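See structure below.
The values are calculated or read from the model by the stated rules, or taken from the named source; none is laboratory data. Predicted model, so just to flag it, every value in this text is computed and none were measured. Ideal geometry is used to build each Cβ from the backbone, glycine not excepted, and the neighbour counts take in all protein chains shown.
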Amino acid sequence: MTSLIHGKLLEQSATTTRKALASGVLLPIRTNRTAIEDGGFTFSVRWVSSLALKDQARVATVSRRDPDFNPFLPPEPELTVGTLGDAHLVVLNKFPVIEHHLLIVTRAWESQSAPLTRADFVALARVIGPHGGLGFYNGGTEAGASQPHKHLQWVPHVRDDDDEPRLDAPGGLAHGLPLASVGETVVHPGLPWRHVFVHLDTHAWAAPERAGPMLHRAFADAWSALWLPPPNDPMPPYNLLVTREWLMLVPRRSEKWGHVSVNSLGYAGSLFARNQEQIDELRAAGPLAVLAAVGLPR
């Protein structure tokens, strides 16, 4: 199995993607997209065209949960990009909506509701450090996790001329945060659900062995700042989002608003609807109210 070379992840991901597409193992979901403005934030809502029957079937496959099926033990060889240290693999999302959507999977069985460890954060740092982007974790079914085997996820930042939202861009949910020192926890006054941001040391990303422990500490500090129990097993449901500048933690109480499932990407400003009716419902309610409904009240 290929060992990932520091700084070469996207090249190795692209090579694996080409081969997996050619073999028919990788099954991207093509979507349309519209923007919704709410409270000074920009949200992107994706949906599958009613004409794309194959893609609709793929969405249905993702939505089904079979507790006896584990796609990560082992993952499909054609989707496996390579090893990431001794404890993790990098695997392509089989049904990606965003190009280079990668899964950071524990090589041995661990539950998605188990606490994230220092080794998990070191693995994530090995991806975010050289490549930036957004790392995230759906902590449990109520937080949008579709698989019970522990896996973090990562998507790259999109081009500046694209309208896909990102956590730290103008219009993103981290935009307009109060000034904070490194390691300080802050709350965004414009977000109507319980959450906390931790300001990260951007200099730490040069060394994963330094950035991983930084993230582990920030994770614990975020739970403490929310006056919630410290990480334990099993964890309560939550979403975690990480950029080079911020770690964001959002406790959850339910997976869905109506029929709309919300995972961590919702808190980066990206929602997914099944049809036009759901888009109209999201627009009428407002994305901020939707995210508040599946989170905890402030």
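Considering the conditions (1) closer than 28 Å to A123 by Cα; (2) free of Cβ contacts under 8 Å to residues at least 12 places away in the same chain, E277 is excluded by exactly one of them, (1).
Count of the stretch 246-261 residues, restricted to those that are in a loop (DSSP other than H, G, I, E, B) and surrounded by fewer than 18 Cβ atoms within 10 Å (Cβ to Cβ), is 4. Pull up the stretch 62-78, narrow it to residues that are part of a loop (DSSP other than H, G, I, E, B) and of a type in the set (D, E, K, R), then point me to the one that is surrounded by the fewest Cβ atoms within 10 Å (Cβ to Cβ). In this case the residue turns out to be D68. For the subset of the stretch 242-273 comprising residues that are among the hydroxyl-bearing types (S, T, Y) and within 11 Å of the chain's Cα centre (by Cα), which member is nearest to R298 (Cα to Cα)? Taking the candidates together, the pick is Y267.
Among the residues of the stretch 177-211 satisfying the criterion of being of a type in the set (G, A, S), within 16 Å of T243 (Cβ to Cβ) and in contact with a strand residue (DSSP E or B) (Cβ under 9 Å, 6 or more places away or on another chain), which is modelled with the highest pLDDT? Ranking the qualifying residues of the stretch 177-211, first place goes to G183. Taken together, V122, V97, V81, V127 contain a single residue that is part of a loop (DSSP other than H, G, I, E, B) and either touching a strand residue (DSSP E or B) at 6+ places or on another chain (Cβ under 7 Å) or closer than 17 Å to G212 by Cα (or both), which is V97. Scoring T243 on the criteria (1) among the polar types (S, T, N, Q); (2) within 16 Å of G140 (Cβ to Cβ); (3) buried (at least 18 other Cβ atoms within 10 Å of the Cβ) leaves a single failure, condition (2).
Among residues of the stretch 21-40 that are touching a residue at least 60 places away in the same chain (Cβ under 8 Å) and part of a loop (DSSP other than H, G, I, E, B), those with a beta-carbon under 9 Å from a residue that is small (G, A, S) and exposed (fewer than 15 other Cβ atoms within 10 Å of the Cβ) at least six positions away or on a different chain give the pairs T31/S49; G39/G190; G40/G176; G40/G190. Taking the numbered list (1) surrounded by 23 or more Cβ atoms within 10 Å (Cβ to Cβ); (2) modelled with pLDDT of 95 or more in turn, A268 passes all entries but (2). Restricting A125, A119 to those that are buried (at least 24 other Cβ atoms within 10 Å of the Cβ) and over 13 Å from the mean Cα position of the chain (by Cα) reduces the list to A125. In the stretch 112-146, the residue that is nearest to V294 (Cα to Cα) out of those that are out of contact with any Asp or Glu (no Cβ under 8 Å at 6 or more places or on another chain) and polar (S, T, N, Q) is N138. Taken over the stretch 15-38, the residue count meeting the criterion of being small (G, A, S) and surrounded by 13 or more Cβ atoms within 10 Å (Cβ to Cβ) is 2.
Among the residues making up the stretch 100-119, those that are in contact with a helix residue (DSSP H, G or I) (Cβ under 9 Å, 6 or more places away or on another chain), farther than 19 Å from L247 by Cβ and outside any strand (DSSP E or B) are H100, E110, S113. Every condition in (1) outside any loop (DSSP other than H, G, I, E, B); (2) surrounded by 19 or more Cβ atoms within 10 Å (Cβ to Cβ); (3) at pLDDT below 95; (4) not hydrophobic (A, V, I, L, M, F, W, C) holds for R166 except the one numbered (1).
Residues that are under 23 Å from A20 (Cα atoms) and surrounded by fewer than 21 Cβ atoms within 10 Å (Cβ to Cβ) within the stretch 99-114 comprise E99, H100, H101, R107, listed in sequence order.
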